[in-house]
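Report on the following structure.
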Amino acid sequence: MDDIVLAGSGGCMRELAWQIQEWNREREGWNVLGYVDREPPCGRDGVWVGGQRIPYLGDDEFLLRQETQVNAVLCVGEPKLRKKIASRLQENPHIRFPNLILGNTRICEDVQMGMGCIVSMDARISTNVTLGDFVFLNLGSGICHDGRIGDFVTLGPDVRLAGCVTVEDGVSLGLGTKIIQGITVGRNAVTGAGSIVVRDLGADCVAAGVPARKMREIG
């Protein structure tokens, strides 16, 4: 069982810790050493998840000081913040960012995946799909054939992408978003919960509704 440090201290971290616990019930997976964060909202005494205590290890300097290989996973849902943390931690070449594949997922053998990706419980990834670095698929999300997903993309719970969808870097797809076949979503775009995207979305915008419409630009 390999050791891993969770970077982040909010609900995302606690949910991923629980998923790791569930995964470990079935096979040898990951041994969570603890979590790091600058100002943990849960306090510095650690948190309890599923009856197990997860120690607080300190801020990012805990990882940046490591002089031997250490595994870390970025437990942050917001793409821009995840990118900021990744950029800082990558200053230490001893930090490794494995892909975290959790319970009851289905991933086609020809899927190509960068580093630091998280594939949560009940997620599905079909054939000829490419994921960039630090992509986060939340609970129950799915990507159909020939999808192209950029770096630092977040798929909220129950997001569904039809075939041949392209999602560019930094996009955040809200809870239950559905995207029809062949659509492109531009860099840093955000969709609201329950959106159904039936036409291309440009970069740096917020879209919502059924069908999804551009609501505003992101400054």
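The values are calculated or read from the model by the stated rules, or taken from the named source; none is laboratory data. Please read these numbers as outputs of a predicted model, since none were measured by experiment. Glycine also receives a Cβ, built like all others from the backbone with ideal geometry; neighbour counts cover every protein chain displayed.
Of note:
Residue-wise test of (1) buried (at least 20 other Cβ atoms within 10 Å of the Cβ); (2) at pLDDT below 95.
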site: ALA7; (1), (2): yes, no
site: TRP18; (1), (2): no, no
site: TRP23; (1), (2): no, yes
site: ASP60; (1), (2): no, yes
site: LEU63; (1), (2): yes, no
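- ALA162 vs. criteria of a type in the set (Gly, Ala, Ser), farther than 14 Å from PRO79 by Cα, at pLDDT 95 or above and out of contact with any Cys (no Cβ under 6 Å at 6 or more places or on another chain): no
- Residue within region 160-169 that is hydroxyl-bearing (Ser, Thr, Tyr), over 15 Å from the mean Cα position of the chain (by Cα) and within 30 Å of ARG25 (Cα to Cα) present: no
- GLU28 part of a loop (DSSP other than H, G, I, E, B) and not hydroxyl-bearing (Ser, Thr, Tyr): yes
- Residues in region 32-54 that are hydrophobic (A, V, I, L, M, F, W, C) and either modelled with pLDDT under 90 or under 13 Å from ARG14 (Cβ atoms) (or both): VAL32, CYS42, VAL47, TRP48, VAL49, ILE54.
- Every pair of residues 6+ apart whose Cβ atoms lie under 6 Å, when the first sits in region 111-140 and is on the phi > 0 side of the Ramachandran plot while the second is outside any loop (DSSP other than H, G, I, E, B): PHE134/ARG82; PHE134/ALA86
- Subset of region 141-157 (residues that are within 23 Å of LYS83 (Cα to Cα) and either in contact with a helix residue (DSSP H, G or I) (Cβ under 7 Å, 6 or more places away or on another chain) or not in a strand (DSSP E or B) (or both)): SER141, GLY147, GLY150, ASP151, PHE152, VAL153, THR154, GLY156, PRO157
- Region 188-219 - residue that is part of a loop (DSSP other than H, G, I, E, B) and among the charged types (D, E, K, R) and, of those, surrounded by the most Cβ atoms within 10 Å (Cβ to Cβ): ASP204
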